[in-house]
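Novice: Quick one: the structure is below, and I'll ask about it shortly.
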Amino acid sequence: MTRQPMGHRSDEFRVYIQRIVTRLLPLFGASIPPMLFTTSGTGGLEASIINTVKPGQKVLAVRAGMFGDRFAEIARTFGADVYDLNLPWGQAVDPDELRKHLRSAGPFHAVLLTHNESSTGVLHPIEELARIIHKESNALILVDAVSSVGATPMRMDDWGIDVVVTASQKALMSPPGIAVIAAGRRAFEVAAVSGSRRFFLDFHRMKAAIEDGTTTYTPAISVILGMDAALSLIEKEGLENVYRRHSNIVRKCRRGLTDAGLECFVNDSIASPTITSVLLPMDHPATLVRKQLETEHGVLLSQGRGDWKERMLRIGHMGNVTVEDINHVIVALGQVISK
Ligand SMILES: *Cc1c(COP(=O)(O)O)cnc(C)c1O
């Protein structure tokens, strides 16, 4: 990443792009090479909307946290007729509830789902939800998988998911700057005739560029080189081993927190492989605990969002994280709250 960037139309860069999009396929369970847009994860979500949803089209937004809310807001901003399915924070989407709304409020042109809701630390049962959506409707399925791809299985082709969005800075272990979007055949068909006005974030332009071993316009070349190195780490460890390491870490993390007398925010069965949300005792506001962890122990955690800002801390354990790292965090947290 520290080298002088090569030109994005050079033969050398072409080798990188072709190699990276091929290596990304198993992380998405996709057969069409993913697109690399120079933007953040939110930019990727916006791209998924403007390429597949026309103003006025009816969209079901499944919301169970801050990122579900954001996806709905983007669709609304671009004129979609958004129907909100609001679910309590900290719970997984109930398949029966989803079925009920698909029947009573449909038909929908698209359904917006969050795979791993980072604001609550819940991994939603995407495979099962997609099965129900297909059974009940012809709706496109767009998935925010920003904090899950690369840490837990995603099989978009097998599960019938049309667009999956992730970003370089989460489980892909790279600096921020690139949104990685995998779209299926149906999404490209819809994008060819539909969607909102767009230029920079156009799927077909980017697909053609990627097939040619480049990107539409000048990308964050250094970040792309970083992703190539990160993919080498994933391949060296083995993708299945990476998934296993994340499952193991979340189990250890939750056990450690419980042993320290703390309460995890969500149930074991829906616990995120990449983020563990933990409730703090009432007399320990999260802003203070967070600050002490950072200054006294060199541990940087996130706080809860919305109503949970002072009651919750969120421990990120995606990408290059070990059980030892998590143990260090739990020991530090135990020391801060026992003071
Ligand atoms: C981080 C994250 C995003 C937003 O990504 P940005 O790169 O900050 O725009 C979206 N969705 C989820 C689930 C995330 O964890």
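Novice: Would you kindly identify the helices (runs of 4 or more DSSP H) lying entirely within the stretch 174-279 that contain at least 3 residues that are touching a Gly at 6+ places or on another chain (Cβ under 9 Å)?
Specialist: On the way: elements: 185-193, 203-211, 221-237, 239-259.
Correct list: 221-237, 239-259.
Novice: Every residue in the stretch 44-68 that is surrounded by fewer than 20 Cβ atoms within 10 Å (Cβ to Cβ) and within 15 Å of the chain's Cα centre (by Cα), please.
Specialist: Across the stretch 44-68, the qualifying residue is only M66.
Novice: Yes or no: the stretch 3-24 includes at least one residue that is open to solvent by 20 Å² or more (accessible area, probe 1.4 Å), more than 16 Å from the ligand (Cβ to nearest atom) and touching a strand residue (DSSP E or B) at 6+ places or on another chain (Cβ under 9 Å).
Specialist: no
Novice: I want to confirm something. Restricting to the stretch 12-35 and keeping residues that are under 15 Å from the mean Cα position of the chain (by Cα) and of a type in the set (A, V, I, L, M), which single residue is nearest to R70 (Cα to Cα)?
Specialist: Step by step, filter the stretch 12-35, then rank; the result is L27.
Novice: Let me ask something else about it. Taking the condition open to solvent by 20 Å² or more (accessible area, probe 1.4 Å) and either assigned to a loop (DSSP other than H, G, I, E, B) or more than 28 Å from E128 (Cα to Cα) (or both), does E296 pass?
Specialist: Numbers: open to solvent by 20 Å² or more (accessible area, probe 1.4 Å): yes; either assigned to a loop (DSSP other than H, G, I, E, B) or more than 28 Å from E128 (Cα to Cα) (or both): yes.
Yes; evaluated as a whole, the condition is true for this residue.
Yes/no per residue for (1) among the aliphatic types (A, V, I, L, M); (2) open to solvent by 10 Å² or more (accessible area, probe 1.4 Å); (3) free of Cβ contacts under 8 Å to residues at least 24 places away in the same chain:
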| residue | (1), (2), (3) |
| --- | --- |
| S147 | no, no, no |
| A171 | yes, no, no |
| P176 | no, yes, no |
| A182 | yes, no, no |
| R186 | no, yes, no |
| A192 | yes, yes, yes |
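Novice: Can you find, within the stretch 270-293, the residue that is nearest to T114 (Cα to Cα) among those that are open to solvent by 70 Å² or more (accessible area, probe 1.4 Å) and at pLDDT 95 or above? Break it down into steps so the answer makes sense when it comes.
Specialist: Our first condition is that a residue be open to solvent by 70 Å² or more (accessible area, probe 1.4 Å); within the stretch 270-293, this holds for 282-283, 288, 290-291.
Still in the list and also at pLDDT 95 or above: 288, 290-291.
Numbers: L288: 30, R290: 27, K291: 30 Å.
Here the answer is R290.
Novice: Next question. I'd like the residue in the stretch 172-192 that is more than 12 Å from the chain's Cα centre (by Cα) and under 13 Å from L25 (Cα atoms) and, out of all such residues, is nearest to the ligand (Cβ to nearest atom).
Specialist: The extreme case among them is A182.
Novice: Just the residues that are of a type in the set (A, V, I, L, M) and more than 11 Å from the ligand (Cβ to nearest atom), please, taken from the stretch 152-171.
Specialist: M154, M156, I161, V163, V164
Novice: Would you pick out the residues in the stretch 109-150 that are within 11 Å of the ligand (Cβ to nearest atom) and assigned to a loop (DSSP other than H, G, I, E, B)?
Specialist: Hits for the stretch 109-150 are H115, S118, S119, T120, G121, H124, A145, V146, S147, S148.
Novice: Taking the condition more than 14 Å from the ligand (Cβ to nearest atom) and either in contact with a Phe, Trp or Tyr (Cβ under 8 Å, 6 or more places away or on another chain) or of a type outside the set (D, E) (or both), does G79 pass?
Specialist: yes
Novice: Of the conditions (1) within 16 Å of the ligand (Cβ to nearest atom); (2) open to solvent by 80 Å² or more (accessible area, probe 1.4 Å), G90 clears all except one; give me its number.
Specialist: Unmet for G90, out of (1) within 16 Å of the ligand (Cβ to nearest atom); (2) open to solvent by 80 Å² or more (accessible area, probe 1.4 Å): (2).
Novice: When you scan the stretch 246-269, do you find a residue that is in contact with a Lys or Arg (Cβ under 9 Å, 6 or more places away or on another chain), open to solvent by less than 50 Å² (accessible area, probe 1.4 Å), under 27 Å from L87 (Cβ atoms) and not acidic (D, E), even just one?
Specialist: Checked the stretch 246-269: at least one residue is in contact with a Lys or Arg (Cβ under 9 Å, 6 or more places away or on another chain), open to solvent by less than 50 Å² (accessible area, probe 1.4 Å), under 27 Å from L87 (Cβ atoms) and not acidic (D, E).
Novice: Residue check: is R19 over 23 Å from T120 (Cα atoms), touching a helix residue (DSSP H, G or I) at 6+ places or on another chain (Cβ under 8 Å) and part of a helix (DSSP H, G or I)?
Specialist: Yes; evaluated as a whole, the condition is true for this residue.
Novice: Another question about this same structure. Here is a list of conditions, (1) touching a strand residue (DSSP E or B) at 6+ places or on another chain (Cβ under 6 Å); (2) part of a loop (DSSP other than H, G, I, E, B); (3) charged (D, E, K, R), and D84 meets all of them except one; can you say which number that is?
Specialist: The one condition D84 does not meet is (2).
Novice: Ok, one more. Inside the stretch 249-305, can you point out the residues that are under 25 Å from the mean Cα position of the chain (by Cα), in contact (Cβ under 8 Å) with a residue 60 or more places away in the chain and over 17 Å from V122 (Cβ atoms)?
Specialist: K252, the sole residue that qualifies.
The values are calculated or read from the model by the stated rules, or taken from the named source; none is laboratory data. For clarity, every value in this text was computed on a predicted model and none was experimentally measured. Here the Cβ is made from the backbone with ideal geometry for all residues, glycine too, and neighbour counts use every protein chain on show. To get the accessible areas, we keep the full protein, side chains included, count just its heavy atoms, and leave off ligands, DNA and RNA. Shrake-Rupley method; radii C 1.70, N 1.55, O 1.52, S 1.80 Å.
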